[in-house]
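Each reported figure results from applying straightforward, stated rules to the coordinates on display, with no laboratory input. All values derive from a computational prediction rather than experimental measurement. Heads up, the Cβs are rebuilt from the backbone with ideal geometry, glycines too, and the neighbour counts pull from every protein chain shown.
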Amino acid sequence: MAARTAVVAGTATAVSGRVQQRQQQKYAEQSQQQADQAAQQQAAMDQAAAQAVADAQAAQPSAGPPPAAGDDMMARLTHLAQLHAQGVLTDDEFAAAKAKLLG
């Protein structure tokens, strides 16, 4: 009887340990995926902000016609809005990029 109890207890411990190990692995994979997504979103935001800054700097020295600069500004704002709608930019990130773009 004692041997049977020991076998049952040992099996239960082994199963419990395996379940816990699987859960830890699953959570680690989820954390890695979330970190990868956050890195992609940050890279997209950095790229959009860098593009906006580069466009603003390129438009500043030139004495081009004002409507073209306005159209360019609208294109950049539209691009930021699309990134926001796609979920690439959060509300805070979108507001910060828009404020930076508008000066």
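Filtering ALA38, ALA44, ALA54 for residues that are under 23 Å from LEU101 (Cβ atoms), in contact (Cβ under 8 Å) with a residue 24 or more places away in the chain and out of contact with any Cys (no Cβ under 9 Å at 6 or more places or on another chain) leaves a single hit, ALA44. Within segment 85-99, track down each residue that is without any contact (Cβ under 8 Å) to a residue 24 or more places away in the chain and crowded, with 18+ Cβ neighbours inside 10 Å. Within segment 85-99, PHE94 is the sole residue that qualifies.
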